[in-house]
Amino acid sequence: MSDPRRFIDLHMHSTASDGVHPPAELMRLAAARRLSAVALTDHDTTTGLAEAARAAAEAGMEFVPGIELSARFEPHTLHLLGYFIDPDCQELHQALDRIIRWRRERNAAILDRLAALGMDMRNDPELRDAIERDRGTAHVLGRPHIALALVRAGYVPSFRAAFDRLLARGSAAYVARRTLSAREALALIHAAGGVASLAHPSHLHCGAQRELETLLARLKDLGLDAVEAYHPDHQPRDTRWCVEAARRLDLALTGGSDYHGRPGVAPPRIAVGFSKAHILYEHLEALRARRNAEADRAPGVGSAMPISETPPTR
């Protein structure tokens, strides 16, 4: 590697959920930025992992199979990242089938509300195609797809406006989403042989460091293994709070760009990765060590074989 610090990205999305790049293309983009290791963490699906793993191997990058699950943890809705998961875990597949059914029911309700507001989006060709692909489980349809359709139809001037005016919580076409509980989601990640990290904790709007640490401690009691301290939405204070809380609670640290991409917009022109949040390889090593320690304590759970680094070929 040209950079001895060996940067990684453990939070990215492909067209398997709500990203704009197919899994293989996303891996090639990551390789062009000379990342040492990457994780694909699509929402509620593992369908992109095999393609991404092949492309990462061809590019000489270490690949971490991942997923991002939403979970209830009153009064919050959390996002939990699962790493080193077994994509063939039957318990995981059964739960994802249920989650996808809930998501489809929600999408239909959102489209009904938009139609009642005079914005019938079901005739949008691209959205209709996305719905058909979703029925074939090729990817997961969500609010971003509906937001883009609203922009194409001229009902809103931008993707952000679609959420602000129509799709965000409290707006005219918003429909609450059914999710797993935090306990269920964490147990599911562990059943699939993985370790779990709380994604972008700044999105939970904790007003004080003690509040964040209390939340993390409660989640650790349910099985949380790590916290995403490094994220492009984090201010320096957010990262510091996460790092200090993780040290006191014995949680691992993770990080990533949360890159989705935007249609027709090239990836950001920055020195490394897809955001200014540059994450060192040492955090992946610590996460792997934690995963292997848990595998030793609970043999036979998920893909419980110890995980070793796949050395980059360049």
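The values are calculated or read from the model by the stated rules, or taken from the named source; none is laboratory data. All values derive from a computational prediction rather than experimental measurement. With ideal geometry, Cβ positions are generated from the backbone for all residues, glycine too; neighbour counts draw on all protein chains shown.
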Residue 86 vs. criteria over 18 Å from residue 186 (Cβ atoms) and under 18 Å from the mean Cα position of the chain (by Cα): no
Is it true that residue 129 is out of contact with any helix residue (DSSP H, G or I) (no Cβ under 9 Å at 6 or more places or on another chain) and closer than 22 Å to residue 19 by Cβ? yes
Candidates 100, 67 - the one that is aliphatic (A, V, I, L, M), modelled with pLDDT under 95 and either surrounded by 22 or more Cβ atoms within 10 Å (Cβ to Cβ) or not assigned by TED's automatic domain parsing to the domain that holds residue 269 (or both): 100
Please determine, by comparing only the residues of segment 20-36 that are within 16 Å of the chain's Cα centre (by Cα) and over 13 Å from residue 274 (Cβ atoms), which one is surrounded by the fewest Cβ atoms within 10 Å (Cβ to Cβ). 22
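Matching residues to (1) surrounded by 15 or more Cβ atoms within 10 Å (Cβ to Cβ); (2) modelled with pLDDT of 95 or more; (3) under 15 Å from residue 263 (Cβ atoms); (4) in the same structural domain as residue 113 (by TED's automatic domain parsing):
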position: 134; (1), (2), (3), (4): yes, no, no, yes
position: 140; (1), (2), (3), (4): yes, no, no, yes
position: 147; (1), (2), (3), (4): yes, no, yes, yes
position: 158; (1), (2), (3), (4): no, no, yes, yes
Does segment 202-224 contain at least one residue that is within 17 Å of the chain's Cα centre (by Cα) and buried (at least 23 other Cβ atoms within 10 Å of the Cβ)? yes
Residue 75 touching a residue at least 12 places away in the same chain (Cβ under 8 Å) and in the same structural domain as residue 189 (by TED's automatic domain parsing): no
Residue list for segment 176-187, restricted to those being surrounded by 15 or more Cβ atoms within 10 Å (Cβ to Cβ) and at pLDDT below 95: 177, 179
